[in-house]
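The values are calculated or read from the model by the stated rules, or taken from the named source; none is laboratory data. What you are looking at is a predicted structure, and each value in this text was computed from that prediction instead of being measured. Ideal geometry is used to build each Cβ from the backbone, glycine not excepted, and the neighbour counts take in all protein chains shown.
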Amino acid sequence: MLELRHRGGCPGPGGAVAPPPREGEAAGGDHETESTSDKETDIDDRYGDLDSRTDSDIPEIPPSSDRTPEILKKALSGLSSRWKNWWIRGILTLTMISLFFLIIYMGSFMLMLLVLGIQVKCFHEIITIGYRVYRSYDLPWFRTLSWYFLLCVNYFFYGETVADYFATFVQREEQLQFLIRYHRFISFALYLAGFCMFVLSLVKKHYRLQFYMFAWTHVTLLITVTQSHLVIQNLFEGMIWFLVPISSVICNDITAYLFGFFFGRTPLIKAAYMLSKYQYFVCPVEYRSDVNSFVTECEPSELFQLQSYSLPPFLKAVLRRETVSLYPFQIHSIALSTFASLIGPFGGFFASGFKRAFKIKDFANTIPGHGGIMDRFDCQYLMATFVHVYITSFIRGPNPSKVLQQLLVLQPEQQLNIYKTLKTHLIEKGILQPTLKL
């Protein structure tokens, strides 16, 4: 942490910081000296331990233990450490990609559970760093309150998701109706309880440090929970909006390491072309109460239907053709892959700076050869925010299914009023014929 100094103070003997003398105060007055001494003692008692800390005083975090499976250690024992690490990273990468394909095959609900699990693990890794760095202070309730706030924030965000996408299911359960109706009030009450517990946990000499850790927890929540919520929102728009951005970052990382920047984007356009053909990837994820499961069945929108585009004159001469057939999503995938290649890595740069600030190599040792979960998803969080903003700005339109779910939870009188209004509107548009009164 940065060195903290009292405003206006100057170092005295032994490095102590004394406040500046007040106007009109005598240099050697007994009364003034006693008063000043009392204030100095009070300040030293409250902040002395913290204010004397500098970056070089940050406790060393013990290096993570090697969690490489013994079978890999024996198989690669004859290689140098450089090549051994290369093979471990490669094998574990292929294993993770295979498991990822398996989860995709298992459906959107398993992908949501995967996102939730990654979120919790990333939160754990960042909070653990704070706990280890400041372990010598024995702060009360720090870890307990951190996990409590994680629970509160997840309850708020996922409760909003349930209210938006599971309205028909909620309508059948009276207990859930109560929770959804007062969801935001309950969420605020839960957070307020944690806030009060934090205030009650404040301890003399540690006030400032405790507020630092309070901010640490909330920034961690902002980085992990908010971004994972956006990932799930993207998933509900269609699995392709989940897979292509993630694949963009993965391909950019791998190709930057193996082939360089320019070879990494071309395969993604082909992948977007292949995924756009299947309803499983392009249809929004919806919950069907009649089958009690998530479904991805729909008539693909124009975004995922082949369109003919006229080529510019200079391309017509080169390609010797007038038009080209593309899925509109392929054009959007260029914007996604460009962001992943140019801006996405800044998430990794941010994470690297964070680790250097606390003198650690990796966030954890969860994945041998790779570090922690956060080490592999530092760029993904930034990408998730961009995709969500991109969808809401350029893609998303009215969702008939969501509108219908909201109509079904209204009172019968409200539904009847909407029906009459809609009928009148359609008659005025000439879509419906007016009813003849006998």
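Brief remarks follow.
- Any chance residue 330 is part of a helix (DSSP H, G or I) and surrounded by fewer than 12 Cβ atoms within 10 Å (Cβ to Cβ): no
- Qualifying positions in segment 101-121 - surrounded by fewer than 17 Cβ atoms within 10 Å (Cβ to Cβ) and in contact with a strand residue (DSSP E or B) (Cβ under 7 Å, 6 or more places away or on another chain): 107, 109
- Of all residues in segment 217-245, those that are over 22 Å from residue 165 (Cβ atoms) have Cβ atoms under 6 Å from Cβ atoms of residues that are of a type in the set (S, T, N, Q) and at pLDDT 90 or above, 6 or more apart or on another chain, in 217/146.
- Scanning segment 295-327 for residues that are free of Cβ contacts under 8 Å to residues at least 60 places away in the same chain, in a loop (DSSP other than H, G, I, E, B), surrounded by 14 or more Cβ atoms within 10 Å (Cβ to Cβ) and not hydrophobic (A, V, I, L, M, F, W, C) yields 300, 301, 327.
- Of residues in segment 122-161 being among the aliphatic types (A, V, I, L, M) and within 30 Å of residue 178 (Cα to Cα), the one surrounded by the most Cβ atoms within 10 Å (Cβ to Cβ): 153
- Scanning segment 389-409 for any residue that is closer than 19 Å to residue 223 by Cβ, at pLDDT 85 or above and surrounded by 14 or more Cβ atoms within 10 Å (Cβ to Cβ) turns up nothing.
- Taking segment 234-246 as the range and being within 16 Å of residue 381 (Cβ to Cβ) and either outside any helix (DSSP H, G or I) or among the polar types (S, T, N, Q) (or both) as the test, only 234 passes.
- Count - residues of segment 72-97 that are of a type in the set (Ser, Thr, Tyr) and surrounded by 14 or more Cβ atoms within 10 Å (Cβ to Cβ): 1
- Some residue of segment 171-179 being closer than 26 Å to residue 111 by Cα, within 23 Å of the chain's Cα centre (by Cα), surrounded by 13 or more Cβ atoms within 10 Å (Cβ to Cβ) and not basic (Lys, Arg): no
- Residue that is nearest to residue 277 (Cα to Cα) [pool: residues in segment 287-336 that are basic (Lys, Arg) and at pLDDT 80 or above]: 321
- You will find that of 360, 343, the residue that is surrounded by fewer than 19 Cβ atoms within 10 Å (Cβ to Cβ), more than 30 Å from residue 177 (Cα to Cα) and of a type in the set (A, V, I, L, M) is 343 and no other.
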